[in-house]
Amino acid sequence: MTINELYLDFRRNYMEVRLRPSTIRGYAVNMENHALPLLGDKELERLTVEDLDRLSAELLSRLSAKSVVYVHASLRKMLNYAIRRGYISANPYGMFDMPRVNKYRYTVLDREQKKRLLTACVGTPIEAPVFLSLRHGLRRGECLGIIPETDISIGRRVLHIQRTRSVEHGKEIVTPCKTENSDRNILLDDEDLERIFRIRKATGGKYLCNLSPASLEKQFRKLIRSAGLPPIRFHDLRHSFATYMLECGINPKIVSDVLGHSNVGVTLDIYSHPDVMMQAVCLQAMRNL
């Protein structure tokens with residue numbers, strides 16, 4: 001069996017059965033555009049670590065290190081599938097060193113900037129996604145996918161995150177959350193509910209925010225300029241939420257559950273270089289002792 005033949009098997013019996021359409025497209029690009037042209041004719045049992053090193057060297061000449069890691073991750077997943085199917089007995093990635101990638105240094109808003117942004121967004125079409133991301137750590141697609149009538153339990157004061165709304169190739173798609181943990185419940189307070197009901201009354205429509213992702217991004221850039229804030233990505237609101245929670249000494253497992261990460265290790269990996277001020281909770285603990 002060649003790598004090309006394994007890919008067809010993997011796509012038919014794993015990708016198209018288990019993965020979301022957007023994830024399938026990512027795997028397909030990684031394999032069909034990058035891995036298969038270089039390794040596709042290779043016999044599966046003859047694939048070596050040296051072949052993976054050559055793949056890295058070739059791809060790094062035209063792609064970023066992060067993109068090359070994504071290609072390797074797709075290929076590694078496919079080879080793990082081959083082991084489960086009994087096609088090979090070992091995965092050469094067990095002895096392979098991934099290219100080194102510098103972590104993205106996200107921007108975090110301080111307390112005064114958060115207040116300024118929450119004030120500036122009031123009454124705008126993007127008030128709902130801004131406050132939900134900054135106050136509760138929601139992703140952009142999750143903010144856009146909220147249907148108030150079905151997703152909010154007023155009695156329990158709980159918001160159920162169960163779908164994400166995005167655009168693929170110019171067409172809007174609505175899909176279940178990425179991981180099981182992403183389908184989660186978010187506890188709201190009275191202020192949250194009051195704001196949501198006010199926004200709902202003003203906007204109408206199916207979703208709490210009926211803008212497209214592109215329109216949201218455009219209006220967000222305009223909003224932060226008018227509020228005198230530094231240029232940031234919308235996703236940095238989520239980072240600001242998570243960082244503030246950890247600064248306050250909130251248990252990382254709780255923060256991970258609120259963010260919808262697959263496990264607490266993901267949270268700790270992303271925020272493994274926290275601001276030194278997060279150590280204040282350590283000093284306070286020793287004072288208490």
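The values are calculated or read from the model by the stated rules, or taken from the named source; none is laboratory data. Please read all numbers here as calculations on a predicted model, not as lab measurements. Neighbour counts run over all protein chains shown; Cβ positions are idealised from the backbone, glycine included. Just so you know, the surface numbers come from the protein's heavy atoms only, side chains and all, with ligands and any DNA or RNA stripped out. Shrake-Rupley method; radii C 1.70, N 1.55, O 1.52, S 1.80 Å.
Could you pull out every one of the lysines with an alpha carbon less than 18 Å from that of residue 114, ignoring same-chain neighbours closer than 8 positions? Within the straight-line limit of under 18 Å, residue 114 reaches these lysines: 222.
What FRET efficiency, computed as 1/(1 + (r/R0)^6) with R0 = 45 Å and r the Cβ-Cβ distance, is obtained for residue 41 and residue 17, rounded to the nearest 0.05? Walk me through the numbers on the way to the answer.
Working: r = 26 Å, r/R0 = 0.58.
Once the sixth-power term is evaluated, E becomes 0.95.
As a rough guide to protection, the peptides 134-141, 109-116, 64-71 ranked by mean Cβ packing within 10 Å, highest first, stand as 134-141, 64-71, 109-116. Computed over protein heavy atoms with a 1.4 Å probe, the carbon and sulfur contribution to the accessible area of the chain reaches 52%.
Just so you know, the Rg over Rh for the range 168-226 is 1.02, from Cα atoms, with Rh as the Kirkwood radius. On the beta carbon distance between residue 64 and residue 24, with R0 = 25 Å, the FRET formula returns roughly 0.65.
Output the relative contact order of the range 138-289, whole-number percent, from Cα pairs under 8 angstrom with separation of 6+ residues.
Values: 169 pairs, mean separation 34.2, N = 152.
Once divided by the residue count of the range 138-289, the mean separation gives 23 percent.
Annotation: the chain has a Kirkwood hydrodynamic radius of 21.7 angstrom, from the mean reciprocal C-alpha pair distance. Taken about its Cα centre, the chain carries a charge dipole of about 780 debye when Lys and Arg each add +1 at the Cβ and Asp and Glu each add -1 at the Cβ.
Contact order, relative form, for the chain: 16 percent (alpha carbon pairs under 8 Å, 6 or more residues apart, mean separation divided by residue count).
Given the rule -39500 (n - 2.57) for each run of at least 4 DSSP H residues, summed and divided by the residues of the chain, what is its mean residue ellipticity at 222 nm, to the nearest 500 deg cm²/dmol? Could you put the intermediate results ahead of the total?
Values: 15 runs with 146 residues, N = 289.
After summing the helix terms and dividing by the residues of the chain, the value is -14500 deg cm²/dmol.
The phi-based Karplus calculation (6.51 cos²θ - 1.76 cosθ + 1.60; θ = phi - 60°) puts the 3J(HN,Hα) values of the range 141-153 at x, 5, 4, 6, x, 6, 10, x, 5, 10, 9, 10, 9 Hz, whole numbers, x for Gly and Pro.
Taking Cα centre as origin and charging only the Cβ of basic (Lys, Arg, +1) and acidic (Asp, Glu, -1) residues, the dipole magnitude of the range 1-101 rounds to 520 debye.
Pairs exceeding 30 Å between alpha-carbon atoms, taken from 103/218; 171/253; 115/253; 103/253; 218/253: 171/253; 218/253. Seen against the Cα atoms of the chain and their longest principal axis, helix 127-136 is set at about 70 degrees.
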